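The values are calculated or read from the model by the stated rules, or taken from the named source; none is laboratory data. Note that the structure is a prediction, hence the values are computed from the model and not measured. Glycine also receives a Cβ, built like all others from the backbone with ideal geometry; neighbour counts cover every protein chain displayed.
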Amino acid sequence: MPSAVVPEAVRSLSVAMREDSRSEHDAAEHSSFMSELLNGRVNEQGYVDYLLRLRAVYRTLEDTVRARRHDPVVAAFYDPALERSATIAADLDHWAPGSAREVDSPAARAYCTRIADADWGGALVAHHYTRYLGDLSGGQAIGRILDRAFALGGAGLSFYEFPMRAKPYKDGYRARLDALDLDLDDAARVVDEVKVAFALNQALFDELTANLPAYRR
């Protein structure tokens, strides 16, 4: 017997965000670049180019969230302990000491513009959720795989290190999402922006995939 469709009024926001963006999430997660990286077939320059794009995105996200932290929706999720800009800078010092810290990336620019132009707290939270809960979930596995693939002994992987226990933090984060006083239309707007965020991540990976011949390890 097919399962019944759960009405939107019954589903929590966190469930809707996860379930309704699954196809976009899977597409980004299974990009050719990420698959090659996790199989140890991307060289150091490929990983540096990935970090440089992340640096641009996280700087914009963190600056924008900090500037909007008094918005009641954003305030529920603002947490400096999550911020990744400093950890990315530390990792770049390991992987590419003394190199330039800017990257010519149309995909990163588009991603940053979308975040900076968010004119509603719920849209900004959608990007916050997509990045940080991903870092606290699959990102942890990525860090372990990179450590093995490059025999790093834990060096150059600050990006994946958080000062909190992942599962309790994620549970609390989802509880705060579900406690937001959003009507169905605004909840749908948040879900739609999560889909956009995953698509922007996919565009970053597509850009890196185009350079895979130069990144072969």
Q | Evaluation of residue 116 against (1) out of contact with any Leu (no Cβ under 7 Å at 6 or more places or on another chain); (2) touching a residue at least 40 places away in the same chain (Cβ under 8 Å); (3) within 20 Å of residue 19 (Cβ to Cβ); (4) surrounded by fewer than 17 Cβ atoms within 10 Å (Cβ to Cβ) (one fails), failing number | A | (3)
Q: Kindly check whether there is at least one residue in the range 50-68 that is in a loop (DSSP other than H, G, I, E, B), surrounded by fewer than 20 Cβ atoms within 10 Å (Cβ to Cβ) and either among the acidic types (Asp, Glu) or in contact with a helix residue (DSSP H, G or I) (Cβ under 9 Å, 6 or more places away or on another chain) (or both).
A: yes
**Q.** Contacts under 6 angstrom Cβ, first residue in the range 47-65 being in contact (Cβ under 8 Å) with a residue 24 or more places away in the chain and farther than 11 Å from residue 78 by Cα, partner surrounded by 20 or more Cβ atoms within 10 Å (Cβ to Cβ) and basic (Lys, Arg), 6 or more apart
**A.** 58/84
Q) Restricting the search to the range 37-71, which residues are at pLDDT 95 or above and among the charged types (D, E, K, R)? A) 49, 53, 55, 59, 62, 63, 66, 68, 69, 71
Q) Among the residues of the range 158-201, which ones are outside any helix (DSSP H, G or I) and either buried (at least 19 other Cβ atoms within 10 Å of the Cβ) or touching a residue at least 60 places away in the same chain (Cβ under 8 Å) (or both)? A) 161, 162, 163, 164, 180, 182
Q. Among the residues of the range 16-30 satisfying the criterion of being closer than 16 Å to residue 107 by Cβ and surrounded by fewer than 20 Cβ atoms within 10 Å (Cβ to Cβ), which is modelled with the lowest pLDDT?
A. 27
Q: Could you list all residues from the range 125-136 that are without any contact (Cβ under 8 Å) to a residue 60 or more places away in the chain, in contact with a helix residue (DSSP H, G or I) (Cβ under 8 Å, 6 or more places away or on another chain) and under 18 Å from residue 158 (Cβ atoms)?
A: 132, 135, 136
Q: Considering only residues that are small (Gly, Ala, Ser) and farther than 27 Å from residue 163 by Cβ, look in the range 87-113 and name the one that is surrounded by the fewest Cβ atoms within 10 Å (Cβ to Cβ).
A: 98
Q: Scan the range 3-18 and report the pairs whose first residue is under 24 Å from residue 172 (Cβ atoms) and whose second residue is in a loop (DSSP other than H, G, I, E, B) and modelled with pLDDT of 55 or more, with Cβ atoms within less than 9 Å and a gap of 6+ or a chain change.
A: 13/180; 13/182
